[in-house]
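Notes follow once the structure below has been shown.
The values are calculated or read from the model by the stated rules, or taken from the named source; none is laboratory data. None of the values given here were measured: they were computed from a predicted structure. Every residue, glycine among them, receives a Cβ derived from its backbone with ideal geometry; neighbour counts consider all protein chains shown. Areas reflect the complete protein model, heavy atoms only, side chains present, ligands, DNA and RNA absent. Shrake-Rupley method; radii C 1.70, N 1.55, O 1.52, S 1.80 Å.
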Amino acid sequence: PGERQASMFPISDDNSQRRITPYVTFVLIGLNFAVFFIELSAGDPFIRQWAFIPAEFAESPVASTVKIFTAMFMHGGWGHLLGNMLFLWIFGDNIENRLGHTRYLVFYLLCGILASLSHVFSTYLMAQSTIIPSLGASGAISGVMGAYLILFPRRKVNVLLLRFIVAVPALVALGFWIGFQVISGLS
């Protein structure tokens, strides 16, 4: 109690090698905001109808398939949305630049699909049948961040470290983020 936690929060990266306008990243961010505003106005019935629910998928995979996609554009609150969109803004444009627009979109969607299927598989392994809605772009964006880590491990990422902005290699910034996710998942 009373101790300060060290925090490292990415806020931007080096885009000097980017050669294309990241239209797909812009559209994905716009869609995430649009769906979130619909979600806010429509409330819980919208979430129940369009969020991915592992137990429903286990019962009827074909009937639940569309929800894998719709859930990728829903969020659990403003913090969830803004955090995801910031990370997509920072890291997505570089992956889009490297892969091109179409391959980047396919990659993004595949990462989101694999994240949802991993959620189903993990609940199956733990002998749980969860009816809790799963939503958000976190799985897709985690895939984008993983690609960034593999493709650009030495690229400088500006992070907010305590009260200072410092440039660190992507390996450090994203390694810290991955470590935090693992620790949070174990708690």
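The angle between the Cα long axis of helix 23-42 and the longest principal axis of the Cα atoms of the chain comes to about 50 degrees, rounded to the nearest 10.
Between amide H atoms placed 1.01 Å from N, distances below 5 Å from residue 72 occur with 136, all of them 5 or more places distant or on a separate chain.
Calculated on the Cα set of the chain, radius of gyration then Dmax: 17.3, 51 Å.
Element breakdown for region 1-60 at a 1.4 angstrom probe: carbon and sulfur atoms account for 58% of the accessible area. Taking Cα atoms only, the orientation of helix 170-186 departs from the longest principal axis of the chain by about 40 degrees.
Estimated from helical segments only, the mean residue ellipticity of the chain at 222 nm is -21500 deg cm²/dmol, where each DSSP H run of four or more residues counts as -39500 (n - 2.57). In the chain, the longest principal axis of the Cα atoms and the axis of helix 138-151 are about 30 degrees apart. Distances between placed amide hydrogens fall under 5 Å for residue 18 paired with no residue 5 or more residues away or on another chain. Note on the chain: with charges restricted to the Cβ of Lys and Arg (+1) and Asp and Glu (-1), its dipole about the Cα centre is near 580 debye.
Think of a 1.4 Å ball rolled over the protein heavy atoms: the chain then has 57 Å² of accessible area per residue. Here the Karplus curve 6.51 cos²θ - 1.76 cosθ + 1.60, taken at θ = phi - 60°, turns the phi angles of region 74-79 into couplings of 9, 9, x, x, 4, x Hz, with x standing for Gly and Pro. Rounded to the nearest 20, the size of the Cβ-charge dipole of region 1-112 about its Cα centre is 280 debye, with Lys and Arg at +1 and Asp and Glu at -1. Once C-alpha pairs closer than 8 Å and six or more residues apart are averaged by separation and normalised to the residue number of the chain, the relative contact order reads 33 percent.
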